[in-house]
Amino acid sequence: MSIADRHPGLAIIADDESTGLVLLEESIAQVGLDALAFDNGADALAAALNNPVAIVLLDVDMPGLNGYEVCRRLRADARFATTPIVMVTGHEDSDAITLAFEAGATDFVSKPVNWALLPRRLEYILRNAAGARALIASTEHIERLAYYDTLTGLPNRQRCMETAATMFDAAQQAGENAAVVYIDLNSLKRVNDSFGHAMGDAVLRAFADRLVRTVKEFSIEPERVLISRLGGDEFVVVLRQAAAREVAMTIARQCAEAFKLAITHDALEFYSSPNIGVAVYPDDGADVATVFKHADTAMYHAKATSGAVASYAPAMSARMRDWLELEGRLRKAVHNDLLSLVFQPKFRIKDRKLVGVEALLRWRDAEFGDISPNRFVEIAEDSGLILDMSGWVVRAVCRQLRKWLDRGIVLPVAINCSGKELLHGDPAKVVEAEARAANVPPSLIEIELTESLLIKDSATVQSALKRLRQLGCRIALDDFGTGYSSLAYITRFPPDRIKIDKAFVRDIENSAGDAAVASAILSLAHSLNLVVTAEGVERQGQLDWLLARGCHEVQGFLLAKPLSVADLEARFFSTANEAAPEPQQLLTRA
């Protein structure tokens with residue numbers, strides 16, 4: 001490999017003596033480089049700044065800009081940090097040499113020049129420069145691996161914490177504040193699980209790019225803002241401002257809006273519903289670790305309250321401690337069989353005949369008492385306990401079915417299936433195993449899932465539901481009308497049952513809007529030959545309206561509240577062998 005291959009670029013030569021200029025050009029030619037030669041410093045400087053340069057040879061004494069000044073100006077440009085600059089002059093005194101090196105010269109060649117040896121010396125200088133560049137590049141690469149996220153190119157956790165500490169110190173000295181915006185992008189794990197990590201990485205990069213563009217819209221000075229990926233789907237924005245909390249909350253809300261728009265990749269659309277927490281130094285903590293922890297706490301508060309953005313308040317820390325304690329207690333309750341089920345009866349509307357029940361999970365803790373299902377299900381989903389808890393429900397339902405079958409009671413039971421269970425678990429495998437262990441037919445089990453879940457990830461969900469249906473389980477679409485209704489999805493993989501959400505039943509006999517939605521759902525279900533169950537029926541007027549329009553089944557407090565096993569049996573099965581309708585009767589039309 002030639003010198004030119006190893007050191008791409010030109011040689012810039014400046015010497016006001018024509019003979020010296022020619023001889024320098026010849027020496028450069030011997031090492032395989034092309035040269036641009038000038039008799040003054042100004043032209044040499046301009047050429048160097050506008051061309052790729054491998055080496056610069058400068059005479060000291062030249063009209064206009066001397067060699068020292070040209071050298072200083074080149075070194076002021078970051079592109080010339082490692083470019084060899086050689087001073088060629090008749091000055092041999094120590095002061096001249098010192099001035100050359102102080103200006104940034106790499107080497108010093110005295111006149112008269114040994115022209116035979118100069119090419120070899122230039123090769124040596126170029127090799128050293130190449131080695132220095134390689135060392136710098138290697139060091140930069142190592143630093144990038146250590147301090148930057150390889151997927152998004154953003155600073156990683158280590159660099160973020162170090163830079164945040166610097167920004168906090170600067171804020172303290174300037175009498176300002178520093179804010180941490182903690183962003184958790186939900187649903188990205190689902191992309192990995194459903195489409196593979198290559199697709200997940202591409203979507204994550206797209207979200208990171210959108211975050212960077214959103215923050216840039218605020219035109220904050222680079223030294224006052226930092227965007228970092230902490231890991232997984234967690235990002236932070238750190239900023240230093242006089243009114244940091246207000247600016248941070250504005251950025252957080254803008255990010256929440258930006259992430260509502262889909263990311264499109266390979267003709268697929270991906271959505272994320274971020275939860276964002278904000279904490280401020282020094283109001284919410286005296287050091288980086290504390291402020292980050294409180295921003296994280298605020299993010300979890302936003303998640304727990306179904307909000308997009310939350311600013312830290314001390315009460316949130318107490319709530320987080322309660323959350324963590326409940327998580328530990330819930331884990332013990334699941335593993336020690338301390339949960340319970342109640343059953344919400346479902347009735348055929350035309351004759352009020354019991355046709356099935358919906359299993360509802362309950363948890364009464366020894367210290368905290370009855371815990372709201374909304375709260376403990378959220379804790380289970382956030383902690384990853386939801387799969388174990390769902391397995392407990394299936395096991396408990398199968399065992400109860402066995403007890404009823406032993407008494408001659410045939411009563412189908414509906415089980416709510418969470419999104420995480422469908423996307424990250426194997427519900428068909430669980431149902432099959434537990435039904436076999438209890439010796440009950442899976443056809444007595446109905447799986448309820450929300451409409452929005454069917455739409456958001458149709459391929460993955462449909463695969464799971466197909467396996468459940470192959471076992472004999474029926475599929476019900478819960479909360480219908482509240483999600484992203486799409487005939488394409490429903491007709492491609494029709495459920496056995498549609499449940500009208502209680503929000504449309506609540507004022508159905510008085511509200512034209514609710515009545516119109518319910519009528520449309522009933523019409524759709526009739527055309528697709530689906531059973532319709534109305535939830536939340538609490539008044540006779542609601543029941544009459546639904547009966548008049550052909551609704552098949554209802555459930556709600558008007559006919560029965562959720563009942564314990566004992567109360568359910570006492571009310572509906574007071575004598576042995578008094579069975580409910582067979583499962584196939586669920587498809588009987590009113």
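The values are calculated or read from the model by the stated rules, or taken from the named source; none is laboratory data. Keep in mind that this is a model prediction, so the values were computed, not measured. For neighbour counting, all protein chains shown are included, and Cβ atoms are generated from backbone atoms with ideal geometry for every residue, glycine included. Surface areas here come from the heavy atoms of the whole protein model, side chains and all, with no ligands, DNA or RNA. Shrake-Rupley method; radii C 1.70, N 1.55, O 1.52, S 1.80 Å.
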Subject >> DSSP loop GluC sites (Glu not before Pro) with at most 12 other Cβ within 10 Å: longest gap in the chain >> reply: 368-577
**OP:** Give the relative contact order (percent, whole number) for the chain; include only Cα pairs under 8 Å separated by 6+ residues.
**Re:** 8 percent
Subject >> Degrees, to the nearest 10: 157-174 long Cα axis against longest axis of the chain >> reply: 70 degrees
Original post:
Normalised by the number of residues in region 44-135, what is the relative contact order in percent for Cα pairs under 8 Å and 6+ residues apart?
Top reply: 28 percent
Original post:
Taking square-rooted eigenvalues a ≥ b ≥ c of the alpha carbon gyration tensor, is region 89-164 rounded, prolate or oblate, where a/c under 1.5 means rounded and, failing that, a/b exceeding b/c means prolate?
Top reply: oblate
**OP:** Grab the Cα-Cα distance for Glu143 and His91, subtract it from 0.36 nm times how many residues apart they are, and report the gain in nm with one decimal.
**Re:** 14.5 nm
Original post:
Based on Cα positions only, what radius of gyration and what Dmax would you give for region 343-403, in angstroms?
Top reply: 14.7, 45
**OP:** Run the dipole for the chain about the Cα centre, Lys and Arg Cβ at +1, Asp and Glu Cβ at -1, nothing else charged, and hand back the magnitude in debye, nearest 20.
**Re:** 3520 debye
Original post:
Roughly what percent of Cα-Cα pairs across region 265-368 reach past 23 Å?
Top reply: 57 percent
**OP:** Quote the Stokes-Einstein diffusion coefficient, in whole µm² s⁻¹, for region 39-138, based on the Kirkwood radius over alpha carbon pairs, a temperature of 25 °C and a viscosity of 0.890 mPa s.
**Re:** 176 µm²/s
Subject >> Beta bridges per DSSP with both ends in region 1-155, % antiparallel, nearest 5 >> reply: 5 percent
Original post:
Nearest-5 percent of antiparallel DSSP beta bridges in the chain?
Top reply: 50 percent
Original post:
Taking only Cα atoms, what is the 0 to 90° angle, nearest 10, from helix 118-147's long axis to the longest principal axis of the chain?
Top reply: 20 degrees
Subject >> Per residue Cα convex hull volume in Å³ - calculated over the chain >> reply: 217 Å³
Original post:
What does the accessible area of His526 come to, in Å² to the nearest 10, when a probe of 1.4 Å is used?
Top reply: 90 Å²
Original post:
For region 71-89 and region 380-396, what is the separation of their C-alpha centers, rounded to whole Å?
Top reply: 67 Å
Original post:
How many percent of the accessible area of the chain is carbon or sulfur, using a 1.4 Å probe?
Top reply: 51 percent
Original post:
Once every DSSP H run of n ≥ 4 in the chain is given -39500 (n - 2.57) and the sum is divided by its residues, what mean residue ellipticity at 222 nm do you get, rounded to the nearest 500 deg cm²/dmol?
Top reply: -15500 deg cm²/dmol
Subject >> Euclidean distance of C-alpha centroids, region 104-128 and region 195-214, integer Å >> reply: 51 Å
**OP:** Under 1.5 on a/c is rounded, so check that first for region 328-442, then, if it is not, pick prolate when a/b is larger than b/c and oblate when it is not; a ≥ b ≥ c are the square roots of the alpha carbon gyration tensor eigenvalues.
**Re:** prolate
**OP:** Give the cross-link partners of Lys561 among the lysines, using a straight C-alpha distance below 27 Å as the criterion and excluding same-chain residues fewer than 8 apart.
**Re:** Lys346, Lys350, Lys353, Lys403, Lys499, Lys502
Original post:
Mind checking the angle between helix 314-335 and the chain's longest principal axis? C-alpha axes, 0 to 90 degrees, to the nearest 10.
Top reply: 60 degrees
Original post:
Which whole-number percent is the relative contact order of region 106-248 (Cα, under 8 Å, 6+ apart)?
Top reply: 30 percent
Subject >> For the chain, accessible area per residue (1.4 Å probe, heavy atoms of protein chains only), Å² >> reply: 45 Å²
